[in-house]
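**Student:** Mind looking over this structure? Questions follow.
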């Protein structure tokens, strides 16, 4: 029999998504006990069980939403009087099932190899992110300059983009040396599924970039989702402080996904 935990490791290593459902509360007569688990893959196939029948079907349906939103949820089931044909019994209890997303490890993509990027790469690695640095200048993008980075790409941005795997566990920080490079990176970034996109610069400069991208067909609503100016407003001035403000904002976005609670009588 396949092991759920081994399958989770495989899914994450391949950059795929899934969800795990765990029975966290069971009172009275319920089909499964606390701790029972089921893995739901993105194609709808499952491994394990949390009860079967209509209950399990509802869990699978909600698991797809959990994957799409990358947000966990608690499902409450009132099983009073529910006949479970598969078990040949009458359930008379209540169950709670916690459904959590399984996603690739979080990765911060840093565009630009300047002073801010140096400290942002260090902080990103310190708090558990995979770190990828991209700059078109080899003297700024190399392993010696960024020893903490998992990957350093010295290539023109448009040529580097196809090499990057962006998903809902990706966080993009655009801190290049100039407006043109920022705009090039942002135009690409807004077409991805990244959980966070931030761009450095003054409000006036960023508005100029946004206006230009709107003329190229980028929706205003999408641009309003960009964190620009990048970072939390902590009155940062030095490269080190700016890096802290950026990483703090990324952590805030990552941790701000709320848990939901839903209840059914089945």
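Coordinate-derived values only; no laboratory data. Owing to the predicted nature of the structure, the values given are computational and were not obtained by experimental measurement. Backbone-built Cβ (ideal geometry, glycine too); neighbour counts: all protein chains shown.
**Student:** Which whole-number percent is the relative contact order of the chain (Cα, under 8 Å, 6+ apart)? Intermediate results must be reported in sequence, preceding the final value.
**Tutor:** Values: 526 pairs, mean separation 47.4, N = 266.
Relative CO of the chain lands at 18 percent.
**Student:** Applying 1/(1 + (r/R0)^6) with R0 = 45 Å to the Cβ-Cβ distance of residue 263 and residue 126, what FRET efficiency is obtained, to the nearest 0.05?
**Tutor:** Numbers: r = 40 Å, r/R0 = 0.89.
Step by step, r from the Cβ atoms, then E = 0.65.
**Student:** Mind checking which of 239, 104, 162 has the largest fluctuation in a GNM of the chain, springs on alpha carbons under 10 Å?
**Tutor:** 162
**Student:** Between residue 207 and residue 29, what's the calculated FRET efficiency when r is the beta-carbon distance and R0 is 51 Å? Round to 0.05. Could the numbers behind the result be given before it?
**Tutor:** Values: r = 62 Å, r/R0 = 1.21.
With R0 = 51 Å, the Cβ-Cβ based efficiency is 0.25.
**Student:** While we're here: So for region 107-255, Kirkwood radius off the Cα pairs, Stokes-Einstein at 20 °C and 1.002 mPa s: how many µm² s⁻¹? Don't jump to the answer; show the numbers that get you there.
**Tutor:** Working: Rh = 15.1 Å.
Rounded, D is 142 µm²/s.
**Student:** Using Cα atoms only, what is the angle between the long axis of helix 239-255 and the major principal axis of the chain, expressed in degrees (0 to 90) to the nearest 10?
**Tutor:** 20
**Student:** Springs between alpha-carbon atoms under 10 Å, Gaussian network over the chain: tell me which of 96, 148, 237 tops the mean-square fluctuations.
**Tutor:** In this elastic network of the chain, the residue with the biggest mean-square fluctuation among 96, 148, 237 is 237.
**Student:** Full extension from residue 105 to residue 16: what is 0.36 nm times the residue separation minus their Cα-Cα distance, to one decimal in nm?
**Tutor:** Working: separation 89, 0.36 × 89 = 32.04 nm, distance 1.02 nm.
Working it through step by step, the gained length comes to 31.0 nm.
**Student:** Given the options 126, 247, 199, which has the most mean-square fluctuation in a GNM of the chain, springs set between C-alpha atoms less than 10 angstrom apart?
**Tutor:** Greatest mean-square fluctuation among the candidates belongs to 126.
**Student:** Using 1/(1 + (r/R0)^6) with R0 = 30 angstrom and r between the beta carbons of residue 78 and residue 49, what's the FRET efficiency to the nearest 0.05?
**Tutor:** Numbers: r = 20 Å, r/R0 = 0.65.
Here the calculated transfer efficiency is 0.95.
**Student:** How much length would be gained if the chain were fully extended between residue 220 and residue 144, taking 0.36 nm per residue of separation minus their Cα-Cα distance, in nm to one decimal?
**Tutor:** Numbers: separation 76, 0.36 × 76 = 27.36 nm, distance 3.96 nm.
My answer for the length gained is 23.4 nm.
**Student:** If you don't mind, another one. Let a ≥ b ≥ c be the square roots of the eigenvalues of the Cα gyration tensor of region 209-256; is it rounded (a/c under 1.5), or, if not, prolate (a/b larger than b/c) or oblate? Before the final figure, lay out the partial values.
**Tutor:** Values: a/c = 3.89, a/b = 1.85, b/c = 2.11.
Because a/c hits 1.5 or more and a/b fails to exceed b/c, region 209-256 counts as oblate.
**Student:** If you don't mind, another one. Quick check on region 4-103: what are the equivalent-ellipsoid semi-axes from the Cα gyration tensor, as sqrt(5λ), descending, whole Å? Don't skip to the answer; put the middle values down first.
**Tutor:** Details: eigenvalues 129, 30, 25 Å².
Rounded to whole Å, the semi-axes are 25, 12, 11.
**Student:** Related question: Quick one: pull the percentage of alpha-carbon pairs in region 178-221 with a separation above 15 Å. Mind dumping the intermediate values first?
**Tutor:** Working: 362 of 946 pairs.
When every Cα pair of region 178-221 is considered, 38 percent fall beyond 15 Å.
**Student:** Right, here's the next one. Out of all DSSP beta bridges with both ends in the chain, state the antiparallel percent to the nearest 5. All intermediate terms of the calculation are to be shown ahead of the outcome.
**Tutor:** Details: 26 of 51 bridges.
Taking every DSSP beta bridge within the chain, about 50 percent pair in antiparallel fashion.
**Student:** As an exercise, find the ratio Rg/Rh for the chain from alpha-carbon atoms, using the Kirkwood inverse-distance average for Rh.
**Tutor:** Values: Rg = 22.6 Å, Rh = 20.7 Å.
Looking at the chain, the ratio lands at 1.09.
**Student:** Now a separate question. Mind pulling the angle between the C-alpha long axis of helix 4-13 and the longest principal axis of the chain? Nearest 10 degrees, somewhere in 0 to 90.
**Tutor:** Tilt relative to the chain: about 20 degrees.
**Student:** Would you compute, for the Cα atoms of region 37-191, the largest minus smallest coordinate along each principal axis and list the three values in descending order, in whole Å?
**Tutor:** Dimensions of region 37-191 along the principal axes of its Cα atoms: 71, 28, 21 Å.
**Student:** Roughly speaking, what is the stretch gain from residue 240 to residue 42, that is 0.36 nm per residue apart minus the C-alpha to C-alpha distance, in nm to one decimal? Walk me through the numbers on the way to the answer.
**Tutor:** Values: separation 198, 0.36 × 198 = 71.28 nm, distance 3.99 nm.
Between residue 240 and residue 42, full extension yields an extra 67.3 nm.
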